[in-house]
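These notes are about the structure you will find just below.
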Amino acid sequence: MTTSKKSAPPVIRKGGKAAALLGAAATLLQFVTPEMIERLTLWLKQMNLSQRFIDLMEKLSKLPQQATPLERIQLQCDAVEELIESRATELSDDAPITQWRDELNKIRRGIELISKASVSDRKKIKKLQQRSKKLLDSVFNAAIN
């Protein structure tokens, strides 16, 4: 004699994954306090980074939830460019500055193509987000070390 289990019906939520991600982002945003941003700014000043870079990082951390991913990517690109320009002489001799600039140009061309497209491609935007974050992390680590 076999007993069959009835499986529970799938839970369908209004909005699906996008709503869950948006809710998670809204929850996390509550934890970024003005004091945290102020401490970040102070730390960046202590690292002797340019005021323009500090302003860009503040703007990036205060970017409203309604901002498009392309706006965030553009700010990251501006921050990378500022770091390269302001710290190029202080970076180590083996720093891949040319490669960083090439990657920066590729990301900016990607932003242009996506913004001109009639339909936005989430996969391409996601890849650009990953590339711009990786580039910013790489340049920032080289600048502070």
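The values are calculated or read from the model by the stated rules, or taken from the named source; none is laboratory data. Worth saying up front: this structure is predicted, and the values here are computed from it rather than measured. Counting neighbours? That spans all protein chains shown, and the Cβs are built from the backbone with ideal geometry, glycine included.
Remarks
- Just one residue in the set K45, K17, K6 is assigned to a helix (DSSP H, G or I) and at pLDDT below 75; that residue is K17.
- Residue, modelled with the highest pLDDT, within the stretch 122-145, restricted to residues that are exposed (fewer than 12 other Cβ atoms within 10 Å of the Cβ) and of a type outside the set (K, R): Q130
- Flag if D78 is over 24 Å from L63 (Cα atoms) and modelled with pLDDT of 95 or more: no
- Just one of (1) without any contact (Cβ under 8 Å) to a residue 60 or more places away in the chain; (2) crowded, with 19+ Cβ neighbours inside 10 Å; (3) over 22 Å from S120 (Cα atoms) fails for L49. It is (1).
- Answer residue from the stretch 74-96, given it is polar (S, T, N, Q) and assigned to a helix (DSSP H, G or I) and is nearest to D55 (Cα to Cα) among those: Q76
- Being out of contact with any Phe, Trp or Tyr (no Cβ under 6 Å at 6 or more places or on another chain), part of a helix (DSSP H, G or I), surrounded by 14 or more Cβ atoms within 10 Å (Cβ to Cβ) and of a type in the set (S, T, N, Q) is a property that Q99 lacks.
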